[in-house]
Amino acid sequence: MTAKHSSDRLTALRARPHAEVLIIGGGINGLATFRELALQGIDVALVEQNDYVSGASAASSHMVHGGIRYLENGEFRLVREAVQERNRLIKNAPHYVKPLLTTIPIFSTFSGIITAPFRLLITHGRGKPRERGAVLIKIGLLIYDTFSRDGGQVPRHKFHGRSQSIRALPRLNGGVKYTASYYDASMHDPERLALDVLADGLTTGSGAGTGAEDATARAANYTALAGFTDGKAILRDTVTGDEFSFTARTIVNASGPWTDATNAALGRPTQYMGGTKGSHIVLDHPELLEATAGREIFFEHSDGRIVLIYPLKDRVLVGTTDIEAKADATNVCTDAEIDYFFDLVAHVFPTITIDRSHIVYTFSGVRPLPRHDDTLPGFVSRDYRIEHGWLGSVRTLSLVGGKWTTFRALAEHLADETLAFLGADRRNHTRTTPIGGGAGFPTGPAARKLWVAKQGSQHDRLTIEMLLDRYGTRASEVLAALPSDPTPIATHPDYFREELAFLARSEHVVHLDDLLLRRTSLAFRGGVTSETLTEVAAAVAADLGWDEHTQREEVERATATLRDAHRVTLGKPGVGG
Ligand SMILES: Cc1cc2nc3c(=O)[nH]c(=O)nc-3n(C[C@H](O)[C@H](O)[C@H](O)COP(=O)(O)OP(=O)(O)OC[C@H]3O[C@@H](n4cnc5c(N)ncnc54)[C@H](O)[C@@H]3O)c2cc1C
């Protein structure tokens with residue numbers, strides 16, 4: 001990735017305040033559209049008001065999935081596209097997207113079989129969800145298999161009776177009648193995958209000359225679209241408050257749950273969006289981790305919501321809720337949501353005890369769903385659409401909806417519509433293009449051994465393998481930045497000070513929390529203390545130009561973010577009641 005310090009974050013945009021396309025929003029969908037257009041040689045700029053991937057894209061359940069439950073809403077187009085994209089991501093981003101065995105525990109045989117077709121055909125999601133029994137789930141999985149199998153590479157689903165189910169998952173609720181198992185995929189590091197997507201775009205459009213203005217793909221975080229006057233977008237540096245004008249032939253509004261707010265700032269208010277809030281908790285609970293047997297347990301809770309318990313990075317992710325919310329609602333996991341999560345774990349694994357002391361992290365966000373009036377949140381379409389408009393002679397495209405899983409296909413659509421307006425041809429397709437550190441990623445043991453051997457003898461095998469798992473083949477860039485004897489962070493010895501300094505100078509890091517929440521898994525896995533924050537701030541200070549005062553400010557800011565948005569109190573395990 002091209003190096004950019006926080007201080008010169010905006011240099012490239014200010015030096016040449018024009019692009020063919022200006023994208024508002026650095027969530028996965030804005031970033032993927034940026035990459036897609038950069039790969040076509042289009043002069044494209046992206047601005048993100050906070051850090052990249054800090055909106056809805058930071059709140060996902062980490063599933064790359066077709067969305068079997070969307071079948072009952074009749075969303076066959078979306079499910080087909082999503083499973084195709086899932087299969088592509090397993091190949092194009094094998095460093096971050098892996099197949100995942102998913103098991104549905106089922107407690108009844110026929111429930112829901114009568115109500116489901118009515119829900120789909122008549123009630124349009126206005127009735128209360130009912131329990132889905134084995135027959136209904138079987139029908140769903142048969143349809144899912146027909147979409148999903150990737151020429152036979154993805155195994156068909158399997159149904160098991162009670163005794164076989166309990167043998168595979170001994171801690172499962174004894175009332176279980178069947179389990180259904182099938183393959184979907186997980187992304188264990190969505191934030192890093194998104195940063196790879198950004199890096200691909202920046203590298204492609206980095207320009208032949210030496211000046212920042214030569215680049216044809218430029219992106220800046222902590223930069224907001226603040227207004228639109230006399231045919232010019234007003235961009236605001238959200239760190240300093242400085243504003244400047246920027247012109248573009250096309251503006252792509254990819255601001256997720258904030259799409260209507262961005263259109264209002266552009267002077268064209270819309271009412272496209274109607275988000276719902278979802279939260280997750282992360283548990284450090286070896287017994288529960290073991291009970292999942294490495295699978296995602298995906299099931300229906302007593303209120304009809306589909307929820308999950310999911311092993312991730314030696315922790316267990318439990319989610320999620322679906323509550324009507326505005327984009328700027330305070331996105332914090334509430335006590336009521338925590339109680340709901342405990343209840344659902346008790347429903348599936350009744351002999352496992354969990355309490356608030358096991359929670360190491362919580363996160364929450366708003367889904368960018370279309371406005372849905374009286375439709376229940378769980379039944380709102382998860383499909384996306386693109387709305388067209390004009391601001392004088394400037395074409396605008398607003399994205400409404402869009403899941404993580406479908407980001408490439410969605411970006412392809414957005415890019416094609418943009419190319420058509422610009423009269424430009426598509427030069428490259430991205431269906432088989434590897435993403436970031438997925439390029440040349442060794443998938444089998446022999447290839448892995450060879451890749452590790454090629455990195456030379458300056459670093460030990462375990463370090464190389466750890467970084468390969470963390471960054472894919474971009475680990476070679478990180479290794480090149482490490483001395484032969486790198487310094488581990490005292491509280492988290494699997495991260496090195498020099499590694500964090502490399503990330504800080506090469507990945508647009510502005511604040512300490514950018515590193516803790518989105519460049520690394522430090523916050524997600526828990527155990528961060530005030531010593532961790534002080535040490536990480538010191539490790540990156542030289543690269544980010546932070547004096548002692550700024551380091552202290554950054555530690556305070558990160559402490560407040562962890563406390564207020566993620567319910568993490570430094571040095572204290574668990575969250576309070
Ligand atoms: C609880 C939950 C669970 C989910 N689970 C899954 C899952 O398992 N699998 C899956 O595929 N999908 C999942 N999703 C859906 C998925 O995460 C989102 O649909 C997707 O990330 C949306 O990405 P986006 O880029 O469109 O929006 P966002 O990620 O929200 O990005 C929009 C960005 O625009 C920025 N912005 C807003 N206004 C401005 C402005 N004026 N100027 C500059 N920038 C601006 C925001 O700061 C934000 O970063 C889940 C979502 C939630 C909330």
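The values are calculated or read from the model by the stated rules, or taken from the named source; none is laboratory data. Source: prediction; values computed, not measured. Heads up, the Cβs are rebuilt from the backbone with ideal geometry, glycines too, and the neighbour counts pull from every protein chain shown. Accessible surface areas use protein heavy atoms only, side chains included; no ligands, DNA or RNA. Shrake-Rupley method; radii C 1.70, N 1.55, O 1.52, S 1.80 Å.
Taking the range 56-71 as the range and being among the small types (Gly, Ala, Ser) and closer than 13 Å to PHE147 by Cα as the test, the residues that pass are GLY66, GLY67. Taking ALA248 as the residue in question, decide whether it is touching a Gly at 6+ places or on another chain (Cβ under 6 Å) and among the hydrophobic types (A, V, I, L, M, F, W, C). When the stated conditions are applied, ALA248 does not pass them. Tally the residues that are closer than 15 Å to HIS511 by Cα and out of contact with any Phe, Trp or Tyr (no Cβ under 9 Å at 6 or more places or on another chain), restricting the search to the range 554-577. So the answer is 7.
Counting the residues of the range 387-426 that are more than 12 Å from the ligand (Cβ to nearest atom) and at negative phi gives 23. The condition of being modelled with pLDDT under 95, within 14 Å of the ligand (Cβ to nearest atom) and within 22 Å of the chain's Cα centre (by Cα) holds for only one of LEU369, LEU317, that being LEU369.
Among the listed residues VAL332, VAL318, identify the single one that is touching a residue at least 12 places away in the same chain (Cβ under 8 Å) and in a strand (DSSP E or B).
Residue meeting the stated conditions: VAL318.
Name the residues in the range 372-386 that are open to solvent by 50 Å² or more (accessible area, probe 1.4 Å) and among the acidic types (Asp, Glu), would you? Matches in the range 372-386: ASP373, ASP374. One residue stands out among those in the range 31-47 that are open to solvent by 20 Å² or more (accessible area, probe 1.4 Å) and not aliphatic (A, V, I, L, M): the one that is nearest to the ligand (Cβ to nearest atom), which is ASP43.
Only one entry in TYR222, TYR178 is away from the ligand (no atom under 16 Å from the Cβ) and aromatic (Phe, Trp, Tyr), namely TYR178. Of all the residues in the range 261-308, those that are within 16 Å of the ligand (Cβ to nearest atom) and without any contact (Cβ under 8 Å) to a residue 40 or more places away in the chain number 3.
Filtered by the rule that a residue be surrounded by 12 or more Cβ atoms within 10 Å (Cβ to Cβ) and touching a residue at least 60 places away in the same chain (Cβ under 8 Å), the range 532-577 gives ASP543, LEU544, ALA565, HIS566, ARG567, VAL568, PRO573, GLY574, VAL575.
Tell me which residues, restricted to the range 187-214, are at pLDDT below 85 and surrounded by 24 or more Cβ atoms within 10 Å (Cβ to Cβ).
GLY205
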